[in-house]
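Down below is the structure, laid out as structure tokens.
We did not get these values from a lab; they are worked out from the coordinates using the rules stated. This one's a predicted model, so the numbers in the text were calculated from it and none came from an experiment. All Cβ positions, even for glycine, are placed from backbone atoms using ideal geometry, and neighbour counts span all protein chains on display.
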Amino acid sequence: MAKTAIVTGGSSGIGRAVAIELLRRGVDVTIADISGAESAARELGCSGARVDVTDATAVEDLVRGLKADRGRLDFMFNNAGIAVAGRTDELTLDHWNRMLDVNLRGVVHGVHAAYPIMVEQGFGYIVNTASLAGLIPAPLMLPYTTTKYAVVGLSLALRVEAAAHGVKVSAICPGFVDTPLLDHANPGLPQTEIGRLARTIGVRVQKRLYPADAVARDVIRGMEHDQALIVVPSFARRAWSLVRL
Ligand code: NAD
């Protein structure tokens, strides 16, 4: 029986690249995304479901449905996410709530649905997509930074508890990756303003973007080594050296 995986946010960017790597390894992948899941699934030759990760029942139904259908759930990638950039004094509560709903509650819903099944099976691997912004504060992205620190904390605490049940947990912390994510973050905010404010706290904004397929290969390697935090290596060394807080 093939191993199975659910990849949330799997229609695009990092999720799509991870889905491709898993399919190459013979994993039975289901892409779950609020948009483009069916067409991406057709293109990649896997299953797809339109699921909004902010909807706990929809996530639960997807996870339980897969377990009932295929008999096992091996990998749960809680990866769907959005970004908002902007001066904190100009952000609305709606910006904050949207970020908490998708980036944090979305991960909580995935964990809440998948973890008990994995404990019962005695195996499984939960991978949550955080960010370098979950280890290093991202200027002008306060709600984003808040959710990603939370995802790192959740993942590391669960990892300790889960090990006793044969379940593995990791968080991935990529730097700037070449995906549509940041295009939607705040088109009105000039890059120069982000760069200027970033410099005031001693962080330089990285211009070079890491390709999503390289991130996906790092993720698979990190999982093979059961790394707690899977940090894109070439960028991480540089990013750490930039922090002057
Ligand atoms: P992306 O925009 O290419 O992909 C995100 C996917 O999530 C999209 O397909 C989108 O439709 C989906 N999505 C958004 N809201 C959803 C919801 N409510 N329910 C279900 N699906 C939803 O961006 P990406 O860069 O591949 O982002 C994937 C993850 O990687 C995010 O969690 C992001 O925060 C994280 N990340 C990205 C970068 C980067 O520089 N791109 C860096 C670090 C971390």
Using alpha-carbon positions, what is the distance between the centroids of the range 108-159 and the range 1-49, in Å? 20
Given a cut-off of under 8 Å on Cα pairs at least six residues apart, what relative contact order in percent is computed for the range 4-240? 19
Give, as a single signed number, the net charge of other residues whose beta carbon lies under 13 Å from the beta carbon of ASN128, with Lys and Arg counted +1 and Asp and Glu -1. +4
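Given axes a ≥ b ≥ c from the Cα gyration tensor, I'd like to know whether the range 1-81 is rounded (a/c under 1.5), prolate (a/b larger than b/c) or oblate. The partial results should precede the final answer.
Details: a/c = 1.61, a/b = 1.03, b/c = 1.57.
The shape class here is oblate.
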Rg/Rh for the range 4-240: what does it come to with C-alpha atoms and Rh from Kirkwood? 0.96
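Considering Cα pairs under 8 angstrom that are at least six residues apart, work out the relative contact order of the range 55-147 and quote it in whole percent. If you can, show how the numbers build up before the last one.
Numbers: 105 pairs, mean separation 39.0, N = 93.
The value is 42 percent.
Could you sort the peptides 84-95, 64-75 by per-residue average Cβ neighbour count (10 Å cutoff), highest mean leading? Kindly include the intermediate steps, with their values, before the conclusion.
Values: 84-95: 13.8, 64-75: 16.3.
Ranking, from highest mean packing down: 64-75, 84-95.
Classify the range 93-149 as rounded, prolate or oblate from the Cα gyration tensor: take a ≥ b ≥ c as the square roots of its eigenvalues, call it rounded if a/c is under 1.5, otherwise prolate when a/b beats b/c and oblate if not. Kindly include the intermediate steps, with their values, before the conclusion.
Details: a/c = 5.41, a/b = 1.98, b/c = 2.73.
Oblate, because a/c is 1.5 or more while a/b does not exceed b/c.
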